[in-house]
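Peer 1: Dumping the structure here so I can ask a few things about it.
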Amino acid sequence: MRLCGESDGDAGAGFSEVLLTVERNAQSALGVAFERVEKRYGGLFALRRVSLRIEPGEFVALFGPNGSGKTTLLRMAALLVRPSAGRVYHPGAENLSSEAVRRQIGLVGHKTLAYDELSARENLIFFARLYGLENPAERAEEALSAVGLGKRAGDAASTFSRGMRQRLAIARALVTEPRLLLFDEPATGLDRQGREWLDETFQTLHRSGATLVISTHDEALAALAGRSVWLQGGRMIRDSAGEPAPLAPEARS
Amino acid sequence: MMLGKAAWNLAWWAVAIGLGFAGYAIFFIAPRELTMGSIQRIFYFHAATGISAYLCFFLSFLASIGYLASRQPRWDWMAVSTAEVGLAFDTVVLITGPIWAKPVWGTWWVWDARLTLAFIVELLYIAYLLLRRLSTEMDRRGMISAVFGIFAFLDVPLAYFSVRWWRTEHPGPVIAGGPNSGLDPRMWHVFAFTWLALLALMILMIRDRYRLEAMRQTVSEWKAEEELGVEMAEGKEVTQ
Amino acid sequence: MSLVRSASTVLAKELRIELRTHDLTNTIFFFVLMIAGLFSFAFSPTAAESRRILPGLVWMAFFFAGTLMLQLCFVREQTNDTLAALRLAPIDPFAILLGKILANFAFLAATEIIFVPIFSVFYNVSVGEVIGRLLLVLFLGTFGLAVVGTVFSAMAAQARMRELLLPLLLLPVLAPVLIAGVEATGELLAAGHSVGQMWVSMLAGFDVIFTTATWLLSGYLVEE
C-alpha cells in the first residue's frame, strides 16, 4: 500500500509485512467489554456506569468533549486503570492469562510512550525485548519502515517533529503486533497529510482484522469507523450500534 | 458506631472523668519513688501515652494492609485516623520525655534510645501525613499512603534496634525486667488505670477522626455530583 | 518472560540512557564533591576530628546526593508517559522497580568507588587497609537507599512539590541505615580491622526487609 505523505521507498513493503502478522492473528482478535464500569478519582467521577461491548474486529470511534472519560476508558481497556466498580474483560480472550491479554493490547496515547533520549530504533528494540519477542532488531526495522520512519531510525526521538513523534508512537504500539489497538486522539497535532496517512493506517489495520478503538474530535472518522460511541461527563450518551444488544461485525453495514 | 450520639457524649464525659481520676491517682495514690522522687510520677502518663502511640501506629499498619487487600476507602480512613492520633500521642511522649529528663539526667534532651525512637517515629508519621496532603490523585493517594504506612511501620523495629545498640540511657525495663525491677502493686494499679483511661481516649479520638474523614469523602462526592448536575442542566453540547 | 530477564532489560535501558546523557551521575558526582569541600570549610577539622566526623560526612553526602538523583527516576518516566508503556508490557511490575533499583544502585556505587579515595585524601584518613570492608558497608547501605528511594520516587512522582517531598519521606525511613552505616564506618576507620557484626546485619536486614516489601507491594506502586 501507499503511505500518504511519505516518499520513503521501503515503507510499503515493511508495512504489509507487519500487517501480514497482524492478519495471521486476526482469527482470534481481541475485543473489549465494559460492564457497569465506574471510575472515581476521589469524589470525581471519570466514568459512571458505562456498559459497552466491542466485539473482536470492530472499528469504533469514541467521541466526547475533553474530560468526558475517553482517555480513562481507553486506559481501562489497556488494563492501565482499574475500575472502581464494574468489570472490564476482553471478548476473545476468555481463556488467556492477564499477561497474555496484555501482550495483545497496543495503546497510542497523548504522548509518545517512548524515550526521548533513545533513538527510534533503540526505543522499539527495547519494547520488543520487554515483550520477550524474538528478533527485536528486525521487528523494530519493520515497524519503523511501516510508519515511514525508516530513514530516521537512528535519530534520537527528541529531534522528531510532532508528526514524526506520532508515527513513532504508532510504531511503538505496532511493534508488538497487538490485536486490540487503542488510539487516544491520534490526530492531535498532525497536519492534513498526516491525518490522511493516519486514516489509511486505520483502514489497513481494520482490514487486517485487528480491533480498533479510537478516541477523537474528528467527525470525519465516524464515516470510516463502523460504529460511533459518544461520552459526556463520564456517561455513555449515544451508541450508533443501538443499545443494548451488541452487533456482530457482519451484522453492521 | 452503633451507639447513639448521647452514648458517645457520655463516653467522652466518662473518659474525661477517668483521666481526672488518673491524675488524682498519680499524685495522691501512687507511692513516691525512692531515687527520682515525685518527678517519677510523670512515668505513668509518659509510658502509657508511648504504648498507646505505638498501638495506634500498629493499627494504622493493619489498616493500610486492609486497604491494599480490599480497596475499601474505610480502611484508608482508619489508617489516617490512627496515624494522626498516634502522632498526637507520640508528640505528648516527646514533650513529657524532656520534662522527666531535665531533673533526672540534668538536660532537657538526651539522645537516649527510646526518646530517639519516638523522635524518628514522629518524623516518619509526619512524612506520612505530608504525603497524603501533597498527593493530588485521591485513588492513588490511598494506595501510596498505604504503602508508605507499611514501610514506615516496618522501619520501626529496625529503628528500635539501631538506636538501642547506638545508645541507651533510659531507665531499664521497669515493668517486666529482672527480679529487683518491677513496680510496687499500687504503682501497677495506677499505671494500669491511667493506661486504660488513655486507651479509651485514643479510641474516642480515632472514632471522631474517622467520622470526619468519612464526612469529607461524602462532601466531596456531593460537590462532584453538583458540578456534574450543573453541567448537565446547562445542556452543554457534545463536542464532536 | 522471567523476572530476571525483564528487570535486566529495564536496567540496560536505564544504563543506556545514563551513559548517553550523564545527567544523574554528573549531578551526584558534583554534589558529593561540593559537600566534601564545603564541609571542610565549615568545620576546618583537625586530623583527629576528621577521623571522627568523616563517617557521618560520607554517609550524609551520599544520602543527599542519592535523594537528589532519585527525584529524577520516575519523573523521567512521566515526560512521555513511558511509565504507562512499561506497565502495558506483559511483565511483573516488580521487574520495573527492580531494574530501576539496580540502576540507581549502580550509579551511586560507582560514585562511591570514586569518592572513597577522594575523601581519604581531603580528610587525611587512610583507608587502604580497610577499603574492601568499607565498600561492603557502603554498598549494603546504598542498596537500602536505592530500594526505598526508588519506591518513594514512584510515590512522590505524582504528588505536588515532589522535589521537596522525596527527602522528607526518604530520610526518616533511612535513619537506621544512617546509624548503622556511620557506626560501622567509624569502627572500620578507628579500630582498623573489625567491623561490628550487628551493624552489618542491620544494614543487610534493612535491605532484605524492604526488598521483600517492595516485591510484595510492587503491583500497587506502579498503579495509576
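Bear in mind these aren't lab numbers, they're just calculated from the coordinates by the rules spelled out. Since we're looking at a predicted model, the values are computed, not measured. Don't worry about glycine lacking a Cβ; one is built from the backbone with ideal geometry, like all the others, and counts go over all protein chains shown.
Peer 1: With labels modelled as points extended 7 Å from the Cα through the Cβ direction, what inter-label distance (nm, one decimal) is found for B:W109 paired with C:R160?
Peer 2: Reported label-point gap for B:W109 and C:R160 is 2.9 nm.
Peer 1: Give me the base-10 log of I(q)/I(0) for the range C:3-221 at each q in 0.12, 0.14, 0.17, 0.18 Å⁻¹, Debye formula, one uniform scatterer per Cα, rounded to two decimals.
Peer 2: Here the Debye-derived log intensity ratios amount to -0.64, -0.85, -1.19, -1.31.
Peer 1: Here is a follow-up. Quick one: length gained pulling B:R164 to B:L196 fully straight, 0.36 nm per residue minus the C-alpha distance?
Peer 2: My answer for the length gained is 8.7 nm.
Peer 1: Counting other beta carbons within 10 Å of each Cβ, put C:I28, C:I113 in order, fewest first.
Peer 2: Placing the least packed residue first, the sequence is C:I113, C:I28.
Peer 1: Quick check on the exposure proxy: order B:I29, B:I17 from fewest to most C-beta atoms within 10 angstrom.
Peer 2: B:I17, B:I29
Peer 1: With runs of 4+ DSSP H residues as the only contributors, calculate the mean residue ellipticity of chain B at 222 nm using -39,500 (n - 2.57) per run, divided by the residue total and rounded to the nearest 500.
Peer 2: After summing the helix terms and dividing by residue count, I get -27500 deg cm²/dmol.
Peer 1: Just for the range A:11-251, what percent of DSSP beta bridges are antiparallel, to the closest 5?
Peer 2: Antiparallel bridges make up about 50 percent of those DSSP assigns within the range A:11-251.
Peer 1: Provide the FRET efficiency to the nearest 0.05 for the B:R71-B:T218 pair, computing r from the beta carbons and using R0 = 22 Å.
Peer 2: Given R0 = 22 Å and the Cβ-Cβ separation, E is 0.75.
Peer 1: Now a separate question. What is the spin-label model distance, in nm, from B:A7 to B:I39 if the labels are put 7 Å beyond Cα along the C-beta direction?
Peer 2: 4.6 nm
Peer 1: Say each of B:I203 and A:S51 gets a label point 7 Å from the Cα, pointing the same way as Cα to Cβ; how far apart are those two points in nm?
Peer 2: 4.5 nm
Peer 1: Among rounded, prolate and oblate, which fits the range A:11-251 when a ≥ b ≥ c are the square roots of the eigenvalues of its C-alpha gyration tensor, a/c under 1.5 means rounded, and a/b larger than b/c means prolate?
Peer 2: prolate
Peer 1: Rounded, prolate or oblate: which fits the protein assembly as shown, taking a ≥ b ≥ c as square roots of the Cα gyration tensor eigenvalues, rounded meaning a/c under 1.5, else prolate when a/b beats b/c?
Peer 2: The shape class here is oblate.
Peer 1: Considering amide H positions built from the backbone, and no H for Pro or chain starts, which residues 5 or more places from A:S119, or on another chain, come under 5 Å of its amide H?
Peer 2: It is A:A157, by chain and number.
Peer 1: If a helix is a whole DSSP H run, which ones in chain C reach 18 Å or further along their own axis (Cα) and hold a mean Kyte-Doolittle hydropathy of at least 0.0?
Peer 2: For chain C, where a helix must reach 18 Å along its axis and average at least 0.0, the hits are C:3-21, C:23-43, C:47-79, C:93-122, C:131-156, C:175-191, C:197-221.
Peer 1: Now, a different point. Using alpha carbon centroids, what distance separates the range B:10-65 and the range C:44-78, in Å?
Peer 2: Between the Cα centre of the range B:10-65 and that of the range C:44-78, the gap is 40 Å.
Peer 1: Sticking with this structure for a sec: Kindly state, to the nearest 0.05, the FRET efficiency for B:L129 paired with C:F41, given R0 = 45 Å and r defined as their beta-carbon distance.
Peer 2: Efficiency, from the Cβ-Cβ distance: 0.75.
Peer 1: I would also like to ask the following. What is the extension gain from C:I113 to C:R20, computed as 0.36 nm multiplied by their sequence separation minus the C-alpha to C-alpha distance, in nm to one decimal?
Peer 2: My answer for the length gained is 31.4 nm.
Peer 1: For A:F183, B:F161, which order do you get if you count the other beta carbons within 10 Å of each Cβ and list the fewest first?
Peer 2: Exposure proxy ranking, most exposed first: B:F161, A:F183.
Peer 1: Can you tally the net charge around C:R16? Count Lys and Arg as +1, Asp and Glu as -1, for every other residue whose Cβ sits under 11 Å from the Cβ of C:R16.
Peer 2: Counting the neighbours of C:R16, the net charge comes to -2.
Peer 1: Please give me the summed charge of the neighbours of C:L72: other residues whose Cβ is under 14 Å from its Cβ, Lys and Arg +1, Asp and Glu -1.
Peer 2: Net of charged neighbours comes to -4.
Peer 1: Computed FRET efficiency, Cβ-Cβ of A:K151 and A:N66, R0 51 Å: what is it to the nearest 0.05?
Peer 2: Result of the calculation: an efficiency of 0.90.
Peer 1: In the protein assembly as shown, what percentage of the DSSP-assigned beta bridges are antiparallel, given to the nearest 5?
Peer 2: Once the DSSP bridges in the protein assembly as shown are tallied, antiparallel ones form about 50 percent.
Peer 1: Net charge near A:G194, counting Lys/Arg +1 and Asp/Glu -1 over other residues with Cβ under 9 Å of its Cβ?
Peer 2: After counting each charged neighbour, the total is +2.
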